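To start, the structure under review is shown below, and the notes come after it.
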């Protein structure tokens with residue numbers, strides 16, 4: 001979701017941010033060859049959204065890997081417990 005918000009803001013800034021530096025618009029954003037200038041808050045917002053997107057992706061991959069590794073152990077343990085009950 002944060003990645004989508006980042007992309008949306010880049011398209012928005014491409015259309016509405018000034019194309020030349022101004023007093024408070026001094027941070028350049030190169031959007032596929034179109035350079036626009038952002039304020040410090042706008043630039044920070046884009047950077048934070050990208051950071052959140054990357055951290056979310058890494059977290060999801062990590063959780064998925066842990067679940068795959070630990071989940072298979074729990075499934076094997078449960079199967080042994082269930083098969084042990086049938087023999088009795």
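Read-outs throughout are calculated quantities, based only on the coordinates presented, and are distinct from any laboratory measurement. Note that this is a predicted model, so its numbers are computed, not measured. Heads up, the Cβs are rebuilt from the backbone with ideal geometry, glycines too, and the neighbour counts pull from every protein chain shown.
Could you list all residues from segment 32-47 that are in a helix (DSSP H, G or I), more than 17 Å from the chain's Cα centre (by Cα) and surrounded by fewer than 16 Cβ atoms within 10 Å (Cβ to Cβ)?
40, 41
So which pairs qualify, if the first residue must be in segment 52-75 and in contact (Cβ under 8 Å) with a residue 12 or more places away in the chain, the second must be part of a helix (DSSP H, G or I) and surrounded by 10 or more Cβ atoms within 10 Å (Cβ to Cβ), the Cβ gap must be under 6 Å, and the two must be at least 6 apart or on different chains?
52/2; 53/2; 53/3
From 29, 50, grab the single residue that is outside any helix (DSSP H, G or I) and surrounded by 14 or more Cβ atoms within 10 Å (Cβ to Cβ). If you could, list the steps in order and put the result at the bottom.
Details: 50 fails: outside any helix (DSSP H, G or I).
Just one listed residue meets the conditions, 29.
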